[in-house]
Amino acid sequence: MSDAGAPEIGREGLAQILEGRSDEEINEFATQAGVDTLLGQIFEGMCAAFVPERAAGQSAVAQWDVSAPDGSHTVQVKMADGQCTAAPGAAESPRVTLALTLPDFLRFIAGQLDGMQAFMSGKLKLSGDMMFATTMQNWFNA
């Protein structure tokens, strides 16, 4: 999903970029980097961090709805048969849907926003199997 020539920044690099930045500054960074390119790299990294043994033979589809300055970006992440794949677009019947603004999504991915705190404060909106959202986190390396 990443563009050739687009630098990979990794979770730590992303955390450094986001540190102390306002939502507006984060949106500006994402727009300059290319929202689709940035999201593509993040979801590639997410799939690379998938640990099939932790899923214990289970399968699921999670849908991410990310609100960015240029509109909403929807990505489905399929975890099945020991593999994790991500593709743009809505899933037919996701087990869970997670919705965040782009700055909060990036902070969540970078480990700067706790999922439970984000949910309790209204920054993360969940629909579907909410308990699975916490289980799903354990299927990935941080």
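The values are calculated or read from the model by the stated rules, or taken from the named source; none is laboratory data. Keep in mind the model is a prediction, meaning the values are calculated, not measured. Reconstructed Cβ throughout: ideal geometry from the backbone, glycine too, with neighbour counts over all protein chains shown.
Results, tabulated for the structure shown:
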read-out	value
Strands (runs of 3 or more DSSP E) (entirely within the range 81-142) containing at least 2 residues that are in contact with a strand residue (DSSP E or B) (Cβ under 7 Å, 6 or more places away or on another chain) and closer than 17 Å to Ala68 by Cα	96-101
Subset of the range 85-142 (residues that are among the β-branched types (Val, Ile, Thr) and surrounded by fewer than 17 Cβ atoms within 10 Å (Cβ to Cβ))	Thr85, Thr134, Thr135
Test result for Val75, buried (at least 18 other Cβ atoms within 10 Å of the Cβ), in contact with a helix residue (DSSP H, G or I) (Cβ under 8 Å, 6 or more places away or on another chain), within 30 Å of Gln32 (Cβ to Cβ) and of a type outside the set (Ser, Thr, Tyr)	yes
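Every residue, every condition in (1) crowded, with 16+ Cβ neighbours inside 10 Å; (2) in contact with a Cys (Cβ under 7 Å, 6 or more places away or on another chain); (3) at pLDDT 95 or above; (4) over 21 Å from Phe140 (Cβ atoms), yes or no:
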| residue | (1), (2), (3), (4) |
| --- | --- |
| Gly5 | no, no, no, yes |
| Glu8 | no, no, no, no |
| Gly20 | no, no, no, yes |
| Asp65 | yes, no, yes, no |
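This table checks each residue for (1) of a type in the set (Asp, Glu); (2) under 21 Å from Ser22 (Cα atoms); (3) more than 13 Å from the chain's Cα centre (by Cα).
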position: Ser72; (1), (2), (3): no, yes, yes
position: Ser93; (1), (2), (3): no, no, yes
position: Ser127; (1), (2), (3): no, no, yes
position: Ala133; (1), (2), (3): no, no, no
